[in-house]
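A quick write-up on the structure given underneath.
The numbers here are math on the coordinates, done by the rules we state, and not lab data. None of these values were measured; they are calculated from a predicted model. Methodologically, a virtual Cβ is constructed for each residue, glycine included, from the backbone with ideal geometry; neighbour enumeration extends over all protein chains shown.
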Amino acid sequence: MKIIYSWLKDFIELQQSPEKTAEILTSVGIEVEELEFTGARFTGVGVAHIIKIDRHPNADRLSLVELETGSGKKTVVCGAKNIAVGQKIPLAQVGAKLPGGVLEKAKIRGVESEGMICAADELGIPGGKHDGILVLDSALELGTDVAKLFGEPDCVFGVKLPPNRPDLLSHFGVARELSVCLGLALKTPAAKLPPAQGACIPVFVEAPELCSRYAGRTIRNVSAAQSPDWMKRRLEMLGVKPRNILVDATNYVLYELGYPLHAFDLAKIEGGEIHIRRASDGEKFNSLSGRELTLDSQCLVIADAKKPVALAGVIGGADSGVSDATTDIFLEAAWFDPPSIHKAARRFGERTEAAQRFEGGADIEFAAYASARAAELIVSACNGAQITEPVDIYPSPRKPSAIEFTPEKINSILGTAIAPAELSTALKRLSPSLDSSGAVWKITPPSYRRDIETKWDVAEEAARICGFATIGDEPRPVTLGAAETLPVEELCEKWRDELSALGFYETLGYDFMSEKELALYGFPSETSVELANPLSADWRFLRPTLLCGLVKSLVYNENRGAQSACLYEAGKIYRSESGKVVEESAFSGLMSGNWPADIFWRAGETKKLDFYHLKGIAARLFAGLDGVRLEPLKNPPAFLHPKLSLAVLVGKRQAGYIGALHPSVAQSAGLRNNELLVFEILTEPVAKQLKSTLFSVKPVPQFPSSWRDISVVVPSQTEAGKLMRAARSSGGEFISAVEMVDLYEGKNMGEGKKSVTFRLVFMPKDRTLTDAEIDAAFKSVLAKLTTEFGAALRS
C-alpha cells in the first residue's frame, strides 16, 4: 500500500522528515518497504543559458562553461559531454541545497567553479540518470527557480500492513496511529454540507444478517466535472487514474478514510429504490470489469426494483455506473459482513480495493461520516448541486465490551516497569474511555480497533505506544513446568513404535476428500462436513476416515512397482452431527501383499497376508490395554467385507474396526491387489485404558505355573472369543490366561459342529496348586461352557 507523506500532514503536525517518519512507522508495526521521493527536494537552483564553452587548461575531459544567469555571468567547470552553446540548464549556485548536501565554492584542477550544472539525479528527480546534464525548455526565462518546475517535495511510502489491522488501510488511519504513538493532536477532515433539500430515495435492507448498516444520500444537479488539481495529483501518486469528480471523490475518500463508497447513476436505478438482498439462484449480473457473473443465494447484492446493480462490497454494475452524462447520483456507504465479502471476492476473482477493506472489517461507525465527506467533495466541485436528507439504517449499533486489567498485569506480561501514570497517559491516547480510577482498570477499544479483545492485546498496545525499548534486553527468569504428554499422544507414539518395528511406514495425508470419494466409501454427504470455501472440487469435504488417504498412497506405490506395503496414519476425522462438526482423533492402517513385505531369499518364509495377520497386529496394539477387545461387527461399513470384519470395543462402546476392504471398493479405487486389510481406531477412548494401565506393575511369580488343554465340541456359529472369556471368568482366581490352541471343522464332528481346543494356564500367587485344585477349576470351566454354549467334552 502507498502512503503520501504530505497527506499525513493534513491530519497531524508531523515535524519529522520522511526518512525519520519511515523509521517511526516501522517501529510501531507499519513496515516501510520503500521510499519514493517526488517533487523538488532542492533550493538555490535557477535557469541559466550557456553562452560559451572552452577547454579546461589542466584537464582534457573537463570544460569551462560561461553562463548567463539573468543577474550576471558565471563560470563553472563541467565534465558532461552533452553540453552545447545555447542550451538552458539548471545551475546550482554556491550555497544551493541539493539532496547530496550544500554546494560549496571549489577549485577543480586549479580553476575555480562558481556553481554546478546539474544532472537529473543530482537534483533528486525520480527516474533521473547521471548520463549528462539536464537540458531545460528553451522558452524558460533566465533566473526562474527550477524547483517550481517539479512541484512541492513529497515522499510516497510503500508500506506493508499487519493483516489484523484494516484500520491502517488509509492515510487517516496511519496518521491516527502516529498521533497515538507520538502524542500528537489529530485533525479530522471536514465534512461541511449545504442544507439538505428533500428526502432520499427509499432503501430496504432485506438481508440484515449480511448488512449491519446502510447509509446513503441522493445528490442532484451534479455533473461529471473535473476534479481539482490537488486531488488529481494525489490520486496519480497512488497510481489511480483520475476520471471525474463523481468517481474521484469516492476513490479519494477510500484512500483518505479507508471507507469504500459507491456512486450509482440515479437515472439507471429502475423504480427509484434500493434493495439490499440476497441474489436469486442463477441470477445474472454485469460487473464494471466487463464480466457477466452468475450469482446464487449466498451472494449479497444491491438491487433496484428489477435487477442487481452491484455485488455488495465487491464491485459495481456496468448498468448503473456514473458517466459524463450523469446528473443525479445515489451515494452509498454501508457495512457488509466480512466473511461474505471475502467469499464473493474470491469466488468471482474480483479482488478490489473495496473488498479488501470490507473483508478486513471496516469501521462501521465511519459509514455516515465517509458519506458526508465524499458528498462535500462532490458538491464543492459541482456548482448548483443539491443534497437530500441522508438515510442511515443501523438497527443494532455495535457495543464493544470493556476489557479489565491491572497495571501490574500489563508489566508482568511485558516484563517492564512502566509507571501507572505513564501507562494511563499512553492508553488514553488509544481510547479516552480508559477508566484508571480503581485498582482494576477498564478500557473500551475504539470502534476501529476490533482486534483488541483481551488484556494481552492491551499489553501489546502499551508496548507499542510507550516504545518497545521499555521492555529491555535483560533475560527474564522463566520457570518451566514439566511438559505433560496427553494420553492420546502417548498412545499414538506407542503404536507408531510398535508398527514401525513391524515394518509399517507412516504416511501424512490431506484432511480433504471429494464427493466422489465419499460415495465410494459409502459416506453420505449429509453427515459429512462440507467446506464453505474449498480450494478445489476434489477437496470439498473434510475426511470422515483416514483410509481414503492411505488407499491413495497405496495406489501411488503400486503404480511405481511396489508389490507389498504396510502403511499407517494418525490424524483427525470429521463428521456432522445435529448441525455441529464433530472432530475425533483416529489411528488407521492397511496391509497389502506379502508378509514380510521385503523380498526374502527363503521364499517359504514369506506368506501372503490374511485376516489373521491383521488380528495379530490388533492384538499387538491392544496388549496391556484392559477392556479393549474384538467382537463380530454387527453392521459393518459399506467399504468393509461383511464376512471379514471385527469391531474394536472399549467397554460397551465401539471404538473402531478391523477387516478386509470390500473388493469392489478396492477395484474402484484403482488397486491392483483387491485383498486389502485395514483397521481404524478412535484413539481417545482407547487412550483412557492406556492411562489406567500403563504404570501398573505386577510382581514376578514365585511359584511355577501349570496348564491343562480342554477340547470341546460346540455349534459352528459359536464365537471362540466368547468361549475363552467364559473359561477365564469361571476358572476362579487361579487361571491367569486362556490361549487358543486348535480349531477343527470336518469329518466326525457332525453337521453344524466344530471342535475348539484351549489351554488353561494356572498361576497362583501364594503357592503351588494341587492336582485336586486344578481338577476343580477344570470342571468349573467345563460346566460353564456346557451350560452357556451347549459344549461337550471331545472324546
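Checking the a/c ratio against 1.5 first, then a/b against b/c, what shape does the Cα gyration tensor give for region 580-682? Since a/c reaches 1.5 but b/c is at least a/b, the shape of region 580-682 is classed as oblate.
Per residue, the average separation of C-alpha pairs within less than 8 Å and at least 6 apart gives the chain a relative contact order of 8 percent.
Roughly speaking, what is the centre-to-centre gap between region 169-224 and region 49-101 when only Cα atoms are used, to the nearest Å? First find each Cα centre; the distance between them is then 55 Å.
Once the mean of 1/r is taken over each pair of separate Cα atoms and inverted, region 43-151 shows a Kirkwood hydrodynamic radius of 13.8 Å. Spin-label model, Ser323 to Lys428: label points 7 Å out along the Cα-to-beta-carbon direction sit 5.7 nm apart. Candidate cross-link partners of Lys105 among the aspartates and glutamates, defined by an alpha-carbon separation under 12 Å and a same-chain spacing of 8 or more, comprise Glu114. Quick one: of Lys607/Lys722; Lys516/Lys607; Lys399/Lys455; Lys192/Lys307; Lys722/Lys754, which pairs are farther than 24 Å apart, Cα to Cα? Distance filter (> 24 Å) returns Lys607/Lys722; Lys516/Lys607; Lys192/Lys307. In vacuum, with every alpha carbon of region 260-301 counted as one equal point scatterer, what does the Debye formula give for log10 I(q)/I(0) at q = 0.21, 0.28, 0.32 Å⁻¹? Two decimals, please. Each listed q maps to, in turn, -0.88, -1.15, -1.10. Each part gets one Cα centre, and for region 8-44 versus region 629-646 those centres are 71 Å apart.
Within the chain, the selection of entire DSSP H helices by a Cα span of 20 Å or greater along the long axis and an average Kyte-Doolittle value of at least -0.5 returns 367-381, 771-789. Taking the Cα centre of each part, how many Å lie between region 408-446 and region 285-334? Using only Cα atoms to place each centre, the spacing works out to 46 Å.
Taking 37 °C and 0.692 mPa s as the conditions, I'd like the Stokes-Einstein D for region 203-393 in µm²/s, using the Kirkwood hydrodynamic radius from alpha carbon pairs. It diffuses with D of about 200 µm²/s by this estimate. Contact order for region 714-776, expressed relative to its length and based on alpha carbon pairs under 8 Å spaced 6+ residues apart, stands at 34 percent.
Ranked by the mean number of other Cβ atoms within 10 Å per residue, highest first, peptides 108-121, 607-620 order as 108-121, 607-620.
Shape verdict for region 521-650, please, from the Cα gyration tensor: rounded (a/c under 1.5), prolate (a/b greater than b/c) or oblate. Oblate. Where both bridge residues fall in the chain, DSSP classifies roughly 95% of the beta bridges as antiparallel.
Considered as an equivalent ellipsoid built on the Cα gyration tensor, the chain has semi-axes of 80, 35, 29 Å, the largest given first. Helical content of the chain, expressed as a calculated mean residue ellipticity at 222 nm, amounts to -8000 deg cm²/dmol (DSSP H runs of 4 or more residues, -39,500 (n - 2.57) each, divided by residue number, nearest 500). The translational diffusion coefficient of region 299-338, from Stokes-Einstein at 4 °C and 1.567 mPa s with a Kirkwood hydrodynamic radius over alpha carbon pairs, comes to 115 µm²/s. Just to be sure I understand the curve: with the Debye formula and one point per C-alpha of region 499-561, what is log10 I(q)/I(0) at q = 0.13 Å⁻¹? Calculated log10 I(q)/I(0) at the listed q: -0.41. Looking at the square roots a ≥ b ≥ c of the eigenvalues of the Cα gyration tensor of region 685-795, which shape do they give, rounded for a/c under 1.5, prolate if a/b is larger than b/c, or oblate? Oblate, because a/c is 1.5 or more while a/b does not exceed b/c. The convex hull of the Cα atoms of region 345-404, projected and averaged over all directions, covers 7.3 nm². Average the reciprocal distances over every distinct pair of alpha-carbons in region 116-161, invert the result, and give the Kirkwood radius in Å. One decimal place: 12.7 Å for the Kirkwood radius.
Suppose we look only past 14 Å in the calculated P(r) of region 403-468. What percent of the Cα-Cα pairs does that tail hold? For region 403-468, the share of Cα pairs beyond 14 Å comes to 50 percent. Over region 627-730, the reciprocal of the mean inverse Cα-Cα separation, the Kirkwood hydrodynamic radius, stands at 17.0 Å.
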